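One structure below.
Laboratory data are not the source of any read-out in this text; all were calculated from the coordinates shown. All values reported here derive from a predicted model rather than from experimental measurement. Counting neighbours? That spans all protein chains shown, and the Cβs are built from the backbone with ideal geometry, glycine included.
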Amino acid sequence: MRKTLLAASAALMLAAGPAMAQQKTIKIGFVSTFSGPTAVIGNDMRNSFELALDHLGRKMGGLPVEVIYEDDQQKPEVGKQKTEKLIESDKVDFVTGFIWSNVLLASLKPIVDSKTMFVIANAGASQVAGQLCSPYVFSTSWENDQTPAAIGLYMNQKGVKTAFLIGPNYAAGKDMLNGMRSTFQGKIVGEELTKWPDQLDFSAELSKVRAANPDAVYVFYPGAAGVQFLNQFSQAGLKGKIQLYTAFTIDSLSLPRMGDLALGVPGAQEWVNDLPNAANKKFVADFKAKHKAYPSFYGAQAYDAANLINSAVVAVKGDVSKKDDMRAEMRKVNYASVRGPYKYGNNQYPIQNFYLQEAVKDADGVLTLKTMATIVKDDQDKSAAKCQMK
Amino acid sequence: MLLFLEQCLNGLQLGLMLFLLAAGLTLIFGIMDLVNLAHGSFYMIGAYFAATFTALTGDFILGAALAIAATVLVGMALEVIAIRRLYGRDHLDHVLGTFGLILFFNELVRLVWGPAGMNVPLPAWLNTHFTILPGVEYPTYRIAIILVTLLVALFMYVLVMRTRIGMLIRAGASNREMVGALGVNINLLYTLVFGLGTGLAGLAGLMQAPILTVQIGMGENILILAFVVIIIGGIGSIRGAFIAAILVGLVDTIGRGFLPDILSLLLPSRSASAISPALSSMLIYLMMAIVLVLRPQGLFPVSNK
């Protein structure tokens with residue numbers, strides 16, 4: 001009798017085990033770059049995501065949260081593998097992260113096919129906002145065209161007549177040049193796409209800039225490549241002669257290494273650390289207290305991703321199988337974004353403001369970014385029109 | 001025309017930089033018969049040492065000198081501790097062993113210096129530009145790189161062709177066993193050659209540091225180019241490495257600079273601008289393939305090899 005009872009209870013435990021495990025935690029898979037030269041970006045996103053979880057008491061809808069961080073090594077094929085692992089073997093409820101558009105494009109299919117809820121925290125590949133849009137895919141960042149389109153508008157305001165465009169030759173690089181071209185009304189006198197990510201010497205491109213002698217140079221170089229570009233631009237004697245305009249080149253991660261070279265170089269962004277809303281003040285203050293550095297826009301978007309996911313989990317009281325209810329809640333943007341309030345378009349990409357930012361020194365003499373003006377209000381990306389979803 | 005001249009200078013500078021890396025690689029490959037994938041790690045370590053020593057001493061030249069000395073020491077220590085175990089083994093073992101060293105050094109650098117990378121600020125007198133011809137201004141620092149590498153090439157020539165050590169190196173490249181049988185301390189010779197090679201790689205890394213900034217894994221991409229150079233130049237040949245390096249530098253830079261213009265004459269401009277970045281990054285590999293077909297032993301093969 002006792003043996004039977006024991007066996008029966010063991011069987012019961014085995015049966016209940018997996019079911020209980022499934023309900024007990026909210027599992028989030030976070031894919032970003034945690035090794036190699038761009039690991040600084042991934043670490044900043046992770047730090048911000050962790051800070052958001054701390055602010056949420058590490059619980060969503062009363063359930064504890066488990067985050068599985070995976071390193072994509074900035075390689076599309078690795079990112080795809082890691083994403084498949086998160087979905088098939090870890091069976092995560094949400095996937096988030098993604099810095100690079102090419103990694104995102106390679107990893108999208110397994111996520112969409114498995115109908116896993118997906119919040120993109122950076123990569124803005126235009127295809128994902130357009131023809132590849134999907135009901136379970138949200139973004140807390142932007143579509144690639146938007147930021148460079150804003151800087152193009154600003155260049156018009158400054159009366160720039162001729163511009164030379166330089167960027168890396170990959171999915172986002174092409175989007176970032178196209179975006180600038182979509183609003184800039186002057187003449188484009190030259191355009192260079194460089195090998196990515198291994199070309200770091202821009203001497204040939206800078207020589208062509210000098211020969212073309214434009215009013216302005218517009219560049220997109222995320223991560224350390226931006227530091228290298230600014231260095232070489234100055235060494236070539238072009239700083240002070242030709243005005244530089246940037247998208248995603250000067251951020252709080254690259255700024256300490258650029259130093260004074262970044263002064264007087266405008267950029268556009270949907271979030272700046274000094275935006276005066278309560279959620280942002282709390283985020284920036286607590287991040288600085290914990291990490292002794294300013295958070296970057298990458299971090300801000302990851303922080304928002306955590307809060308957007310939380311809003312969905314709270315709305316369904318932790319029952320993450322109710323995907324349609326979660327989706328309906330997320331479309332309402334029912335959380336306090338650090339960029340201030342925004343709306344979602346039909347493609348579930350933000351309709352948001354873009355600000356002009358410039359590097360300044362703060363009260364302690366540390367370089368930081370400051371909001372100079374609002375370039376465009378409530379901007380919706382052009383790819384939304386290609387998205388069939390309502 | 002002025003632009004062409006400027007692009008030639010850019011290409012020359014890249015080529016001479018590659019020569020520094022390739023010279024060490026080809027010496028180690030040619031004399032010690034060792035495939036050293038970790039060569040790029042010394043390029044990285046030289047750059048990190050330069051960043052640290054420049055920050056400590058406040059002087060770029062002094063920092064650079066200390067960095068070279070430190071890199072040579074690390075290289076010789078590594079030869080004694082690890083590389084020595086690989087001689088006489090299969091090339092596959094060399095590749096596996098030295099690939100492991102790449103991972104080891106990348107992690108070591110991450111532990112010591114952190115993942116964020118570093119900057120090497122240039123002294124003011126180098127951080128200017130220089131008017132070569134009216135209308136052609138060129139960064140002083142890049143001219144300095146060209147001069148320093150030419151001096152190093154000359155030093156290498158004198159060392160290998162005119163000194164006793166050089167004679168032993170050449171003899172070692174031709175017939176290792178015989179040199180050993182004649183009573184030369186081959187172990188010491190190998191340690192010195194390895195130290196020389198790593199010192200050259202470190203010099204290349206630290207000279208690139210102010211241009212490219214210092215980061216983990218910086219040696220891996222450039223190592224591929226260095227291998228292309230020694231394959232084109234002929235393995236073991238310093239002269240071959242010198243000429244092939246300049247050739248690779250010029251073809252790469254001029255390809256990047258002018259291919260879009262040439263292609264846009266032949267194709268619609270949209271497709272020209274789409275194809276040219278891909279094609280220009282392939283040019284040097286095409287060149288290597290052609291050399292391999294026509295002269296499989298390289299342009300300047302070492303005799304007796």
Cα-Cα longer than 29 Å, checked against A:LYS109/A:LYS332; A:LYS85/A:LYS317; A:LYS115/A:LYS317; A:LYS59/A:LYS290; A:LYS109/A:LYS281; A:LYS195/A:LYS282, kept in input order, equals A:LYS109/A:LYS281; A:LYS195/A:LYS282
Could you compute the net charge surrounding B:SER276? Neighbours are other residues with a C-beta less than 12 Å from the C-beta of B:SER276; K and R count +1, D and E count -1. 0
Using alpha carbons only, how many degrees (0 to 90, rounded to 10) separate the axis of helix B:140-162 from the longest principal axis of chain B? 30
Label-to-label distance, nm, for residues given as A:LYS390 and B:ASN221 (7 Å Cα→Cβ offset): 4.7
Of the DSSP beta bridges with both residues in the protein assembly as shown, give the percent that are antiparallel, rounding to the nearest 5. 35
Need the full-extension length gain, B:LEU279 to B:ARG85, defined as separation in residues times 0.36 nm minus the C-alpha distance. One decimal, nm. 65.7 nm
Under the classification rounded if a/c is under 1.5, otherwise prolate if a/b is larger than b/c and oblate if not, where does the range A:146-269 fall, given a ≥ b ≥ c as square roots of the Cα gyration tensor eigenvalues? rounded
On alpha carbon coordinates alone, what is the Rg over Rh value for the range A:26-105, Rh being the Kirkwood radius? 0.98
Check which residues have an amide H placed less than 5 Å from A:TYR245's amide H, if you skip close sequence neighbours. A:VAL217, A:TYR218, A:VAL219
Rounded to the nearest 0.05, what FRET efficiency is calculated for B:ILE165 and B:ALA77 with R0 set to 35 Å and r the Cβ-Cβ distance? 0.95
How high is the relative contact order of chain A, in percent, counting Cα pairs under 8 Å that sit 6 or more residues apart? 18
Can you tell which of B:GLU220, B:GLU107, B:GLU137 shows the greatest fluctuation in a Gaussian network model of chain B with Cα springs below 10 Å? B:GLU137
Which aspartates and glutamates have a Cα lying under 17 Å from the Cα of A:LYS382, excluding residues fewer than 8 positions away in the same chain? A:GLU143, A:ASP145, A:ASP175, A:GLU270
With only alpha-carbon atoms in the gyration tensor, what are the semi-axes of the equivalent ellipsoid for chain A, in Å, largest first? 41, 21, 20
Cysteines, the protein assembly as shown, no other Cys beta-carbon under 4.7 Å: B:CYS8
Most to least packed among B:180-189, A:221-230, A:183-192, B:269-278 [average Cβ atoms within 10 Å]: A:221-230, A:183-192, B:269-278, B:180-189
Unit Cα scatterers, Debye sum, the protein assembly as shown: log10 I(q)/I(0) for q = 0.05, 0.11 Å⁻¹: -0.28, -1.15
As an exercise, use a Förster radius of 45 Å and the Cβ-Cβ distance of B:ASN187 and B:PHE130 to find the FRET efficiency, rounded to the nearest 0.05. 0.45
Once R0 is set to 25 Å, what does the formula 1/(1 + (r/R0)^6) return for the Cβ-Cβ distance between A:ALA278 and A:THR371, expressed as a FRET efficiency to the nearest 0.05? 0.95
Rg ratio (alpha-carbon, reference 2.2 N^0.38 Å) - chain B: 1.03
Residue by residue through the range B:86-91, which ³J(HN,Hα) values in whole Hz follow from phi under the Karplus form 6.51 cos²θ - 1.76 cosθ + 1.60 (θ = phi - 60°), with glycine and proline marked x? 9, 4, x, 9, 5, 4
Over all directions, average the projected area of the Cα convex hull of the range B:125-185 and note it in nm². 6.4
Got a sec to turn the phi values of the range A:100-110 into Karplus ³J(HN,Hα) couplings, 6.51 cos²θ - 1.76 cosθ + 1.60 with θ = phi - 60°, whole Hz, x for Gly and Pro? 9, 4, 5, 5, 4, 4, 6, 9, 5, 4, x
